């Protein structure tokens, strides 16, 4: 079984009733106008569950809550094809990945209930250790209408970490190793504009305003935003369009494949990952990842004192809590304040 794509969207290739039900659910998401990247993510999460089912001899109609917890345990084990466990083999899925797969599974089983395949969903709801629900907090807690609290559907406890930004030296080393204007423009869009990798790949030529030095971005949930980006991005973009992209290329996406059998087609996610993987090794900047470039953008703007409402709009966040995660004191600031306090004792 594997995830494939056709003209209608993403689907799971394989045999069996459960595969058909998964594909019907993915089509249901497409009809509801879910973003293609979201449908693709759901497809891979549910593919993982289908493989678990196949290994255990289960089917959707027979799944019980204990099977969901067995699925989590299955995700946490390294997959070994023989009798030898690879050195350094760790958990296959992180806590965040497990929670994402459970979220996809919850939506899938809700669809199974709606279509009459099941009478109820076997996916448990997360509970606090006491079994009691927490009361609304804060001055306006008594006005809360939502029954769910943030993270309430997570079955796996997930550590809350600060956004991980990059040093200027790593970013410079990575940029200097890139050998095309296209690759440098894509990287600068992330670190100078805070664009997600999917937003870079889906950026349209008609949404780039070189004169005003800004781009129109369609992000998660098809939410649009206009992002100003510094001059170096537009310098590399202009050079790419003038010297690297074929003049007769009719692809609406801005960034395309430059050579090979798929020349002129939109750059794929696998192609972008390959670029980053290659140049991380060559440059020695092994911490550089697309999302860390975005985190670097958000962290630097927050440290410069940019209003959080403006930063939230620039980064396309839905929750203000996500944006607030970028406001934290640097290790250097903490050390300086500690030294200042220690000198007064």
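Flag: residue 252 matches the condition of being touching a strand residue (DSSP E or B) at 6+ places or on another chain (Cβ under 6 Å) and more than 19 Å from residue 318 (Cα to Cα). Scanning segment 25-49 for residues that are more than 23 Å from residue 199 (Cβ to Cβ) and surrounded by 15 or more Cβ atoms within 10 Å (Cβ to Cβ) returns 25, 27, 28, 46, 47, 48, 49. For beta carbons closer than 6 Å, sequence separation of 6+ or different chains, a first residue in segment 31-55 that is without any contact (Cβ under 8 Å) to a residue 40 or more places away in the chain and a second that is surrounded by fewer than 19 Cβ atoms within 10 Å (Cβ to Cβ), the qualifying pairs are 39/9; 39/30; 52/74. Pairs meeting the criteria (first residue in segment 156-176 and assigned to a helix (DSSP H, G or I), second residue modelled with pLDDT of 85 or more and surrounded by fewer than 17 Cβ atoms within 10 Å (Cβ to Cβ), beta carbons under 8 Å, at least 6 apart or on different chains) are 170/287; 173/284. Selection of segment 13-30 for residues being over 19 Å from residue 118 (Cβ atoms) and touching a residue at least 12 places away in the same chain (Cβ under 8 Å) yields 13, 14, 30. Filtering segment 4-15 to residues that are surrounded by 15 or more Cβ atoms within 10 Å (Cβ to Cβ), at pLDDT below 85 and within 16 Å of residue 53 (Cα to Cα) leaves only 14. Summed over segment 166-193, residues that are modelled with pLDDT under 90 and crowded, with 23+ Cβ neighbours inside 10 Å total 0. Restricting the search to helices (runs of 4 or more DSSP H) fully inside segment 208-318 and requiring at least 2 residues that are loosely packed, with under 14 Cβ neighbours inside 10 Å and within 23 Å of the chain's Cα centre (by Cα) gives 269-283, 308-315.
The values are calculated or read from the model by the stated rules, or taken from the named source; none is laboratory data. In this text, all values refer to a predicted model and were calculated from it rather than measured experimentally. Glycine also receives a Cβ, built like all others from the backbone with ideal geometry; neighbour counts cover every protein chain displayed.
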